[in-house]
């Protein structure tokens, strides 16, 4: 029997939701993320689900940029949104009156990318890197989501890719997340904003320099690069090569069938994919990754919404956690 679910993709910049019925995903509703406090954000999530749900709703899936205890749906820790230690599954379930399933945003995006356009599972071993406000990671191993012992597996954005440990240099003391030298600190959307600003200062006569002052300078840099600005192209290539180091780490660790780059970064297209692939192939251990496909997310920026919806549908069909006793919303 077909079920009606809503998938929610919660990011540090925007939140999107869409209804899924059978094999059809509806158009997404999107809002700027409410970051003032947890109460305001929860109210926004409730309103968004209600705005896009069908006359009947069986469950809701939500992907969040956080470490999640999947069995309880509690957000263990969160860097970019005000949900740390919030029992989100219970809170949203009580408000909406249906089962709610909460997971890491990159994890649900990975689940979506393991499925084709007809929602058929086509990749049994897949690593997802979501590059947006931050950098997340999701794992599908043996055809199933892999969450690890605490639910936090796949935090590939917090792998360290840039420490100077030559000679007698000691490991620097840990700081706040994202740690200095982590993939997120050097390859996220915020990192691209910073690199673009630095490049604009070095080249004040460039088209990129004329864009300084824009809130999302990184996105403007990608646009300028696509239009042929040399400085912007140089900046975007640096960023893409850093993403490629993250891809290489994923291949060296998991030797998967596919590594997929998703999140808002997919809008850069080949400006991202080609340098990232070149660098990744250079840094992969010989003999690994020969069969690994490196690609952009086939579901584009909607992978998070679709994956969250698939999570809800899968959990209704094959529960891995007990379903709460909640009435259907009609």
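For the chain, treating each Cα as an identical point scatterer without solvent, what Debye log10 I(q)/I(0) comes out at q = 0.11, 0.12 1/Å?
-0.69, -0.81
Output the 0 to 90 degree angle, nearest 10, between the alpha-carbon long axis of helix 303-317 and the longest principal axis computed from the alpha carbons of the chain.
30 degrees
Using the number of other C-beta atoms within 10 angstrom as an exposure proxy, rank 177, 101, 254, 70 with the fewest first. Please report the intermediate quantities before stating the final value.
On the way: 177 15, 101 29, 254 19, 70 22.
Ranked by crowding around the Cβ, least crowded first: 177, 254, 70, 101.
What does the extension gain come out to for residue 180 and residue 40, with contour length at 0.36 nm per residue minus their alpha carbon separation?
Details: separation 140, 0.36 × 140 = 50.40 nm, distance 3.08 nm.
Difference between extended and current length: 47.3 nm.
With everything on Cα atoms, drop me the angle between helix 217-226 and the longest principal axis of the chain, reported from 0 to 90° to the nearest 10.
Around 70 degrees separate the two axes.
Given a Förster radius of 35 Å and the C-beta distance between residue 164 and residue 141 as r, what FRET efficiency does 1/(1 + (r/R0)^6) yield to the nearest 0.05? Display every interim value, and only then the final one.
Working: r = 33 Å, r/R0 = 0.95.
Efficiency at R0 = 35 Å is approximately 0.60.
Ranked highest first by the average count of other Cβ atoms within 10 Å around their residues, in what order do 21-33, 84-96, 105-117, 181-193 fall?
Numbers: 21-33: 14.5, 84-96: 18.5, 105-117: 26.3, 181-193: 24.1.
Highest-to-lowest ranking by the protection proxy: 105-117, 181-193, 84-96, 21-33.
Express the relative contact order of the chain as a whole percentage, based on alpha carbon pairs under 8 Å and six or more residues apart in sequence.
On the way: 725 pairs, mean separation 68.4, N = 330.
Dividing the mean separation by the residue count of the chain yields 21 percent.
Can you figure out the FRET efficiency of residue 288 with residue 76, using R₀ = 35 Å and their beta-carbon distance, to the nearest 0.05?
Numbers: r = 32 Å, r/R0 = 0.90.
After rounding to 0.05, the efficiency reads 0.65.
As a check on your grasp of the helix formula, calculate [θ] at 222 nm for the chain: sum -39500 (n - 2.57) over DSSP H runs of n ≥ 4, divide by the residue count, round to the nearest 500. Mind dumping the intermediate values first?
On the way: 9 runs with 116 residues, N = 330.
Calculated from helices alone, the mean residue ellipticity at 222 nm is -11000 deg cm²/dmol.
Using 0.36 nm per residue, how much length does the chain from residue 252 to residue 201 gain when fully extended, once their Cα-Cα distance is taken away?
Taking residue 252 through residue 201 to full extension adds about 14.7 nm, to one decimal.
Can you tell me the orientation of helix 270-283 relative to the chain, as the angle in degrees between its alpha-carbon axis and the longest Cα principal axis, to the nearest 10?
Here the helix axis deviates by roughly 70 degrees.
So what is the relative contact order of segment 123-297, in percent, for Cα pairs below 8 Å that sit 6 or more residues apart? It would help to have the intermediate numbers written out before the result.
Values: 309 pairs, mean separation 41.0, N = 175.
Normalised by residue count, the contact order of segment 123-297 is 23 percent.
Taking only C-alpha pairs under 8 Å that are 6+ residues apart, what is the relative contact order of segment 42-145 in percent? Let's see the in-between values first.
On the way: 176 pairs, mean separation 22.8, N = 104.
Here the relative contact order equals 22 percent.
Using a 10 Å cut-off around each Cβ, can you sort 78, 149 from fewest to most neighbouring Cβ atoms? Write out the running numbers ahead of the final one.
Numbers: 78 20, 149 6.
Ascending Cβ contact count within 10 Å gives the list 149, 78.
At what distance in nm do the modelled label points of residue 90 and residue 24 sit from each other, each positioned 7 Å from its Cα along Cα→Cβ?
Spacing of the two 7 Å Cα→Cβ label points: 3.8 nm.
Only the coordinates and a few stated rules stand behind these numbers; no lab work does. Note that the structure is predicted; figures quoted are calculated from it, not measured. Cβ sites come from the backbone with ideal geometry, for glycine too, and all protein chains shown count toward neighbours.
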